[in-house]
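Step one of this worksheet: look at the structure below.
Derivation of every value follows stated rules applied to the coordinates shown; laboratory data play no part. A quick note: this is a predicted structure, and the numbers were derived from the prediction, not measured. No Cβ is skipped: glycine too gets one built from the backbone with ideal geometry, and neighbour counts run over all protein chains shown.
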Amino acid sequence: MLPDFWSAFGNQSGLAYLEHPEIGASYYNAYQLWELGTQAGAFVYPTRTGNFAASLHRTGYSLFSKNQMGLAYARKLGEKWSASVQFDYLYYHQSEQTQHKGAFLIEAGVMAEPIDGFFIGAHVYNPTRVKLSDYQDERVPTLMKAGLGYYFSQWVVVTLEAEKDLEFKPRVKCGVEYQAVTHLFLRMGLMTQPNQFTLGLGYQLKNLTTDIAFVTHETLPLSTQISLKYSFK
C-alpha cells in the first residue's frame, strides 16, 4: 500500500501525495478469456486544497459486464497523514434483461508515513453494504483491507496487504520491486485465496511509464496485464 497513481483503484489516500496531473489506463486479460477482460482508466488532478480523481473500471463483454465510475478526493492531513473518499456508481449490464442493476456507494481510506519511506494504510469499499436487488437481498460486496509498504532503499520496495470480503476468507498479498537499472523495474508478488504468483516489469521513459505483469493460478491458465501512465510534469 504505497502512494502512487494506481492508488485510484486501491486506497485513494495515496493520491494525496501526487504533485502533478497524471493519466493512465490498464487492461487485464484474465485466464486468456477476453470475456473476463478488465479495462480501467483514471485521471488525477492535484490542487492546493486536495487532489481530485475520476476513474472508470469495466469487466466483461457485450452480453454481461460490471461497470464502475468513481470520483475521488484525497488530501494530506499534516505531514504524516492523508485521507480520501470516493463516490461510485456501480452498474451491471445484462443484454438479455430489460432491468439492469445499479447502485451508488462510497469508499474511504487513510494512509500514514510514520517514518520516512514506511507507509501504512487502510481502506474500506462499500461500508454501508448497499443493496443491489430485492431478490434474495442481493448486496454489493463490502471489502476491507490494510497494508504497509517500505522503501528499503531507492532500489528496493516491499509491500504487504490483507484483504477481507465479509462473505469470504481473508486474502493476503505481498510484493517486491527492484530497480535493476535506471528506469527499469522488476517485480514479484504472491497472493492467497486463491494462491497466485506474479512476475512483472516496468519501464519509465521521461514522463511515460509502461508496466506488464503475468499472473499464474493453481489450476487456470495464465493471466496478463499491461498498463500505461503519463505524468504532466
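Quick notes on this structure:
- Positive-end residue of Gly41, His20, Pro127, charge dipole of the chain with Cβ unit charges: His20
- Potential extension, Leu208-Thr128 segment - 0.36 nm per residue separation minus Cα distance: 25.0 nm
- Charge dipole of the chain (Cα centre as origin; +1 on each Lys and Arg Cβ, -1 on each Asp and Glu Cβ, all else neutral): 300 debye, rounded to the nearest 20.
- Too-long pairs where the Cα-Cα distance tops 30 Å, listed order kept, from Lys169/Lys229; Lys66/Lys173; Lys164/Lys233: Lys169/Lys229; Lys164/Lys233
- On the basis of the beta-carbon distance and an R0 of 41 Å, Asn195 and Ile115 show a calculated FRET efficiency of 0.80.
- Theoretical FRET efficiency, 1/(1+(r/R0)^6), r = Cβ-Cβ of Glu35 and Ser153, R0 30 Å, to 0.05: 0.10
- For the pair Trp81 and Met188, the difference between a 0.36 nm per residue extended length and the Cα-Cα distance amounts to 35.7 nm.
- The orientation-averaged projection of the convex hull spanning the C-alpha atoms of the chain amounts to 13.4 square nanometres.
- Each of Ile115, Gln196, Asn11 was scored by the projection of its Cα onto the charge dipole of segment 5-231, and the greatest displacement toward the positive side belongs to Ile115; charges sit on the C-beta of Lys, Arg, Asp and Glu.
- Cβ-Cβ FRET estimate between Leu220 and Tyr89, R0 fixed at 35 Å, reported to 0.05: 0.70
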